[in-house]
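**Q** Input: one structure, supplied below.
The values are calculated or read from the model by the stated rules, or taken from the named source; none is laboratory data. Since the model is a prediction, treat every value here as computed from it, not as a measurement. Note: ideal-geometry Cβ built from the backbone for every residue, glycine included; neighbour counts use all protein chains shown. Accessible surface is based on the protein model in full, side chains and every heavy atom, while ligands, DNA and RNA are left aside. Shrake-Rupley method; radii C 1.70, N 1.55, O 1.52, S 1.80 Å.
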Amino acid sequence: MLLGSIEAGGTKFVCAVGDENYNIKDIIKIPTTTPAETLKKCVDYFKQFPEMAALSISSFGPIEIRKDADKYGYIADTPKKNWSNTNFLGVMKDNFDIPMYWTSDVNGSAYGEYMNSIANHNPTRSLVYFTFGTGVGAGIVNNGEFIGYEGHPEVGHVKLKRAKNDEYFEGICPYHKDCLEGLASGPTFEKRVGKNGKDVPITDPVWDIMAYYIAQAVIQATLFIRPEKVVLGGGVISEPFLDKIREQFDKLFNHYLEVDDLKHYIVMPTVEDNGSATLGNFALAIKQYYKENIVKL
Ligand code: ZN
């Protein structure tokens, strides 16, 4: 069986096809331009694979996931220029009459990490996957299902306690200024120190400020969800930075609850080559395929 995956991000779309063992057979990257141009390139790509049996899309958002909503399958009101109110799933449905799954980008990644833990014979039944990049978000898998009924989680916009030495930084979220995304997304480096995060040495105190905020987000996730693991992905995250986050977590959480050794509890994604969402999409596509085909029987 051939399965399709679209990981739709703000800067690029990753389209791939794979088999039922989740081996990637073909993959391309499409720059995110206008909705019409980008979605046409996606359609053209998948038209090359007429045997594709199911497709899963994990998209940047916010997106409408309530199946009974008029705008189910749409990218809703988004700060991403031109993309508000885009009927993403509708365009794909118009072109391919196959089962389709629709979820947020971070949910796709979270599901990929969940599937990979099963493949590695060490199932993580409950996990939170955060991404810290241009924006901040989290996907949550609990016992193989996503959390969120009225919508996908919007963890990027939780409120935090401000760090000392950072009181004068306003924050960059257009809605809240100093929410998690406003204080700890990638572009905050430009605002605080005038250069890209990848050019800021890990010894710079700005990383301690970032670790303080991200550790608070991990604590909130721990208290709300009680996951087995918290996976931190995205361009801001690196192994040396993770150590700073673990240290802050340890200090702030003060062993209130028992969690796994922090080296195992707060981790980087396990799927190589940023492939978590593609793997997650393959698994969600096959799940949707069987769901729709069993209902038909
Ligand atoms: Zn916000």
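**Q** For segment 131-139, indicate whether the set of residues that are open to solvent by less than 30 Å² (accessible area, probe 1.4 Å), within 14 Å of the ligand (Cβ to nearest atom), polar (S, T, N, Q) and in a loop (DSSP other than H, G, I, E, B) is non-empty.
**A** Taking every residue of segment 131-139 in turn, none turns out to be open to solvent by less than 30 Å² (accessible area, probe 1.4 Å), within 14 Å of the ligand (Cβ to nearest atom), polar (S, T, N, Q) and in a loop (DSSP other than H, G, I, E, B).
**Q** Scan segment 189-198 and give yes if some residue there is within 16 Å of the ligand (Cβ to nearest atom) and open to solvent by less than 60 Å² (accessible area, probe 1.4 Å), otherwise no.
**A** Scanning segment 189-198, I find no residue that is within 16 Å of the ligand (Cβ to nearest atom) and open to solvent by less than 60 Å² (accessible area, probe 1.4 Å), so the answer is no.
**Q** Tell me, which residue of segment 24-67 that is open to solvent by 70 Å² or more (accessible area, probe 1.4 Å) and touching a Ser or Thr at 6+ places or on another chain (Cβ under 8 Å) is farthest from G280 (Cα to Cα)?
**A** P31
**Q** Is it the case that Y175 is surrounded by fewer than 20 Cβ atoms within 10 Å (Cβ to Cβ) and either in a loop (DSSP other than H, G, I, E, B) or within 16 Å of the ligand (Cβ to nearest atom) (or both)?
**A** Yes, satisfied.
**Q** Anything in segment 223-248 that is closer than 22 Å to G135 by Cβ, assigned to a helix (DSSP H, G or I) and touching a strand residue (DSSP E or B) at 6+ places or on another chain (Cβ under 8 Å)? List them, or say none.
**A** I225, L242, I245
**Q** Out of (1) open to solvent by 10 Å² or more (accessible area, probe 1.4 Å); (2) over 30 Å from I28 (Cβ atoms); (3) among the β-branched types (V, I, T), the odd one out for V267 is which?
**A** (2)
**Q** Filter segment 148-166 down to the residues that are modelled with pLDDT of 95 or more and away from the ligand (no atom under 14 Å from the Cβ), then identify the one that is nearest to F189 (Cα to Cα).
**A** D166
**Q** Separate question: What number goes with the only condition from (1) of a type outside the set (K, R); (2) open to solvent by 10 Å² or more (accessible area, probe 1.4 Å); (3) in contact (Cβ under 8 Å) with a residue 40 or more places away in the chain that G112 does not pass?
**A** (2)
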